[in-house]
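Notes follow the structure.
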Amino acid sequence: MLVTAMSRKYGTLSSSILTAVGEATGFFSWPLEGSLEWVRKQTQMKRKSYNDAIWRMRKNGLLKVVSENSQKFIRLTKKGQIEMLLAKMALPEKKMWDGHWRMLIFDIPEDCREKRDLLRSLLKRNDFIKLQASVFVSPYALNREAVEYLKISGLKKYIRIIKIDEIDSDEDLRKRFNLKKSKTS
């Protein structure tokens with residue numbers, strides 16, 4: 001189970017449901033019939049707990065319940081999609097460094113301060129470090145969920161991601177990421 005800021009904000013059960021909805025459908029819906037059984041198997045929760053969690057998530061604007069072909073489905077709202085992506089952004093095991101640096105630069109307007117702060121948090125979770133005020137660097141690429149979050153949240157238009165062959169005097173960065181010097185350096 002993912003323990004994230006979303007778990008602390010909405011509860012572990014909501015985090016599980018959002019993640020399940022996203023994984024079950026490749027992102028955005030899940031039939032109510034069966035989802036109760038899936039969640040019960042995963043969390044051993046009671047029907048009332050599940051129904052309460054769905055109600056709270058609807059109230060918080062994370063999902064809506066819709067009817068299609070006389071069946072009820074859970075659909076993630078845009079806010080729910082973003083929260084689900086944030087829940088899934090745990091960094092996988094580190095890969096071998098390919099010798100390239102990833103630099104992310106951004107200029108996000110002041111009226112989007114909350115999104116800007118969320119972006120900084122996302123970058124830190126994805127092992128990026130701050131080089132300057134709006135410049136972050138990492139030897140590893142952003143994970144798929146992080147890139148999807150940038151698209152859905154509308155932040156992509158304020159951001160550039162650059163793949164760099166070398167950075168001058170990068171010894172401090174290599175030390176920070178515990179990277180060996182490449183054979184060509």
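Every number here is computed from the coordinates shown, using simple stated rules; none is lab data. Computed from a predicted model, the values in this text were never measured in an experiment. A quick note on method: Cβ atoms are made from the backbone with ideal geometry, for glycine too, and the neighbour counts reach across all protein chains shown.
Given a cut-off of under 8 Å on Cα pairs at least six residues apart, what relative contact order in percent is computed for the range 101-176?
49
Calculate one ³J(HN,Hα) per residue across the range 52-69 by plugging θ = phi - 60° into the Karplus curve 6.51 cos²θ - 1.76 cosθ + 1.60, and present them in order as whole Hz with x for glycine and proline.
4, 5, 4, 4, 4, 5, 5, 4, 7, x, 8, 8, 9, 9, 10, 10, 9, 6
Taking 0.36 nm per intervening residue step and subtracting the Cα-Cα distance, what contour gain separates Thr77 from Ser134 on full extension?
In short, 17.6 nm is gained.
So for Leu142, Leu179, fewest C-beta neighbours within 10 Å to most, what's the order?
With the sparsest Cβ surroundings first, the list reads Leu179, Leu142.
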